[in-house]
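The values are calculated or read from the model by the stated rules, or taken from the named source; none is laboratory data. These numbers were taken from a predicted model, which means no experiment stands behind them. Note: ideal-geometry Cβ built from the backbone for every residue, glycine included; neighbour counts use all protein chains shown. The protein model used for the area step is the full one, side chains on, heavy atoms only, and it has no ligands, DNA or RNA in it. Shrake-Rupley method; radii C 1.70, N 1.55, O 1.52, S 1.80 Å.
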Amino acid sequence: MANENMDVKKGNFGFVEEIYPDVYKKLCEAEKKTYIDCSSAGQLVRDAFEIWAKALADEFGIKVTSKNGGNPVLSDYLYTLQKNDKLPKFDKNQRMVSYISVANKKEQTFWDALWRRFCNQCVHSEQKPDEPAVTCGNLETVLHVIYKAFRYEYVRKKGKEAAKKIPQFDTNIIPIGDNYVINSYTPLDKPVSNCVREFETCSYNETGRINKYGIVRMFKKGDIDEKLLLLRDQEAFSEAESEAGIQFDGNVQVDVLSKLSSDTSDYYVVIYKFSKKPSHLNDALLKSMDVNAKTELCKKITAILNSFHNLSTPIYHRNLSFDSIYVCKGKNEILEPTIIKLDCAKIASEEFGTVIANVQNMQTMIQQQKLLKYSAPEVRTLFQGGDAKVNWEKADIFSLGVLFGDIFNGQIEPGVVPAMKLQRAGVNMSLVQLIDKMKNPNADLRPTTQTIIQYFEEME
């Protein structure tokens, strides 16, 4: 995660501010909306196009008139600038750009035509079959086109040497609202949750200091079990759906940035916002802790899960693992845990039983095993097509028991940590026995979170 001194890239178009500050303002706002409100982003991109076209005409002293009388419009400016050879010149293989049409076909057109036509689609309601569809994918393509056009302009105005400092266009640093990307990656739980992309982000206050840190989760709407996710929204995000957000504890807030019901984006996007810099639960953290600190961490995680389970409408995580635990340093440097990734509890049955066999990369396979071991036996049976009734509260308890094993082991291993290894690590025998009960194959014999909390209180 970023710190105050880290140089976080605020999107792809920072260099444009040096040559066209008014255009930059529009592009900056448009890029922020890429995954949240595609149509609004397209309209801002059109505004940027008009400002730039008029600036070019003024710079070269070109008079632009309307073909139809009245004030000239964007197409008039582009026609006149093209006629006067004042638009950016690209190699033959860069002039034509591919896009997906409204009819869901792959088409090609000239770079400037795609820019204009996509923007028109965002502004007007007409949806002709061969026109660019208003999708996040097409918008990414348009932004890349715009980037190349203004890089050309930067070279023209500042010279090739100056332009060497401009990095390549990168979709991984496109801001998500006011949240700027520090890191972007494919999440470990993708085969389980269908989350296609995860981002570590930060946002800034008016003075330019980091205000919030975030973990952003992005899902393609077409990949999501809609009924299950709507249920998950109803249970976990009732306040977030009304734009108020939820305060799970004093450190993390959940907001839905792009709703499942919204038609402005191809993605369902949720952010977990932290007031302090979070760290993922990992081997380095665990190895730095003694048994007492690990016990305290387990107690706090159990308390959070207990609060979820005992709400008036209970929340069952259904995908609890080390990957859903983040910690922040609290008073006296004590680690304060948070359970996140409640955004989508779906387990993809067609992938669940085969993901290990299909993964080619050994490191990725080990990571997937580290996650899959957290699933209770009845959950595996259910999502491999078997006949099983799942008590999701007790399924969470199984996952919590596996998590306790990893924490006390001081290392997250591919397999479930055996009791003997925990004993050798100095874990109290009665706690080892409790962890075994939490992992009991018979869900009915697993304890509740309240029983686990009572155990920890009696230890004190």
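Values for this structure:
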| quantity | calculated |
| --- | --- |
| Test for Asp178: is it out of contact with any helix residue (DSSP H, G or I) (no Cβ under 7 Å at 6 or more places or on another chain), modelled with pLDDT of 90 or more and surrounded by fewer than 20 Cβ atoms within 10 Å (Cβ to Cβ) | no |
| Pair list, Cβ < 6 Å and 6+ apart or interchain, from region 21-33 residues that are assigned to a loop (DSSP other than H, G, I, E, B) to residues that are surrounded by fewer than 23 Cβ atoms within 10 Å (Cβ to Cβ) and not hydrophobic (A, V, I, L, M, F, W, C) | Lys33/Ser40 |
| Failed condition for Ile146, given (1) open to solvent by 20 Å² or more (accessible area, probe 1.4 Å); (2) out of contact with any Phe, Trp or Tyr (no Cβ under 6 Å at 6 or more places or on another chain); (3) farther than 30 Å from Thr338 by Cα; (4) in contact (Cβ under 8 Å) with a residue 60 or more places away in the chain | (1) |
| Any hit, region 11-29, residues being charged (D, E, K, R) and under 21 Å from the mean Cα position of the chain (by Cα) | yes |
| Cβ pairs under 6 Å, 6+ apart, first in region 419-443 and over 23 Å from Asp396 (Cβ atoms) and in a loop (DSSP other than H, G, I, E, B), second among the aromatic types (Phe, Trp, Tyr) and open to solvent by 30 Å² or more (accessible area, probe 1.4 Å) | none |
| Filter result (in contact (Cβ under 8 Å) with a residue 40 or more places away in the chain and either out of contact with any Ser or Thr (no Cβ under 7 Å at 6 or more places or on another chain) or hydroxyl-bearing (Ser, Thr, Tyr) (or both)) within region 444-455 | Asp444, Arg446, Pro447, Thr448, Thr449, Gln450 |
| Inter-residue pairs, beta-carbon under 7 Å, first in a loop (DSSP other than H, G, I, E, B) and in region 275-297, second open to solvent by 80 Å² or more (accessible area, probe 1.4 Å), 6+ apart | Lys276/Lys329 |
| Lone qualifier among Thr207, Thr171, Thr141, Thr201 - being open to solvent by 20 Å² or more (accessible area, probe 1.4 Å) and closer than 30 Å to Phe322 by Cβ | Thr171 |
| Some residue of region 77-88 being in a helix (DSSP H, G or I), of a type outside the set (A, V, I, L, M) and open to solvent by less than 40 Å² (accessible area, probe 1.4 Å) | yes |
| Boolean, Tyr185 is surrounded by fewer than 19 Cβ atoms within 10 Å (Cβ to Cβ) and either more than 30 Å from Ile271 (Cα to Cα) or among the polar types (S, T, N, Q) (or both) | no |
| Qualifying residue in region 160-169 (condition: in contact (Cβ under 8 Å) with a residue 60 or more places away in the chain, basic (Lys, Arg) and either touching a helix residue (DSSP H, G or I) at 6+ places or on another chain (Cβ under 8 Å) or outside any loop (DSSP other than H, G, I, E, B) (or both)) | no |
| Residue match in region 122-134 (condition: among the polar types (S, T, N, Q) and open to solvent by less than 40 Å² (accessible area, probe 1.4 Å)) | no |
